[in-house]
Amino acid sequence: MTKRFDYRSTGIQSSEITPEHVFLNRRQFLKTLSIAGAGALLAACGVNPQAEPEGTSAPVEVEKSAPPAASQAVELDDPLTSYEQITNYNNYYEFTTDKKGVAELAKNFRSSPWQIEIYGLINRPQTLGMEDILTKFTQEERVYRMRCVEAWSMVIPWVGFPLSQLLELVEPKSEAKYVRFETLLDPKQMPGQKSPLFPWPYQEGLRLDEAMHDLTILATGLYGKSLLAQSGAPMRLVVPWKYGFKSIKSIVKIELVAEQPATLWSTLAPNEYGFYANVNPKVSHPRWSQESERRIGEKGGRPTLLFNGYEKQVAYLYKGMDLQQYF
Ligand SMILES: Nc1nc2c(c(=O)[nH]1)N[C@H]1C(S)=C(S)[C@@H](COP(=O)(O)O)O[C@H]1N2
Ligand SMILES: [Mo]
């Protein structure tokens, strides 16, 4: 079997990071291709920390895939947040609540070997290693806005694959209505988990139809590189129309369940952080407005958009629901 991705590296040297202008030129180039073609090319480029310079890597088999519906949401004109900023300004309370201190505290985190247990209301429960995941699912680039509930935002070029593909593999039973995710529990590696103030491990959840939506991905990289620990290595969820806290990092468990699962933030403060957590400028946080946001790396603010700008793609999921009540 072709091994597409070398997943051993957890600490990428800054000298190995694709310089941003090279990356941006490649994106400019991709713009001229069909999205299906672009996906295939990116799959070929892969998430390889030891990658040779662009265009010189050995050819790998490429699977044909249908054009992702998410292509409508790819934002080729919204400037990307820099790699430096994405990887040095993080929320990851398992390490620290200091956004600028996560990278340093997480630098020795062991994200390999790594296994993900998938269980619950499914026909095919299984435990997958990261190498299985990278072999089974073609990785593609998805450029998404990320809006934290704290009113800052970024634009991140993720590498990953639709969560729906993993769910199809495990065959949810008809009773399965929600997906529950769990982060690694390991206080020896994650000093923040020694704090009794949080109900560790971090848990999150999605309704099954939200989880199956093509915009919902499991990310394994960003800027064409494997995720660093601070970004949720080796694999984290990304749900771009919801506040950032839904996008749970360093996942070890995925469970299909019948009832709406508890989540860390809705357990701690149910009136501040709901289960749905759809980005909505009209639903204020009890302690601040959500009408605008600060794009990291930019001066000034910009208006926050309903569903973080993905309204066209996702509004149908919430038809008939009162967004003030199900926040
Ligand atoms: N396990 C875990 N996942 C997490 C968090 C966390 O503290 N622990 N923080 C969340 C929050 S509040 C945000 S805004 C995003 C931040 O992702 P980033 O640091 O990659 O930008 O991760 C989310 N996922
Ligand atoms: Mo957040």
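In loop segments of region 271-327 as defined by DSSP, the GluC sites (Glu not before Pro) with at most 16 further C-beta atoms inside 10 Å of their C-beta are GLU272, GLU291, GLU298. The trypsin sites (Lys or Arg not before Pro) of region 271-327 that DSSP puts in a loop, and whose beta carbon has at most 13 other beta carbons within 10 Å, are LYS282, ARG287, LYS299, LYS319. Lysines within cross-link reach of LYS188: Cα-Cα under 25 Å, excluding same-chain residues under 8 positions apart? Hits, sequence-local ones excluded: LYS99, LYS100, LYS107, LYS246, LYS249, LYS253.
What is the sum of charges, Lys and Arg at +1 and Asp and Glu at -1, for the other residues whose Cβ falls under 13 Å from the Cβ of ASN108? Here the count lands on +1. Accessible surface area normalised per residue over region 94-220 is 39 Å², counting heavy atoms of protein chains with a 1.4 Å rolling probe.
The values are calculated or read from the model by the stated rules, or taken from the named source; none is laboratory data. Owing to the predicted nature of the structure, the values given are computational and were not obtained by experimental measurement. Here the Cβ is made from the backbone with ideal geometry for all residues, glycine too, and neighbour counts use every protein chain on show. Please note that ligands, DNA and RNA were not included when accessible areas were found on the heavy atoms of the full protein model with its side chains. Shrake-Rupley method; radii C 1.70, N 1.55, O 1.52, S 1.80 Å.
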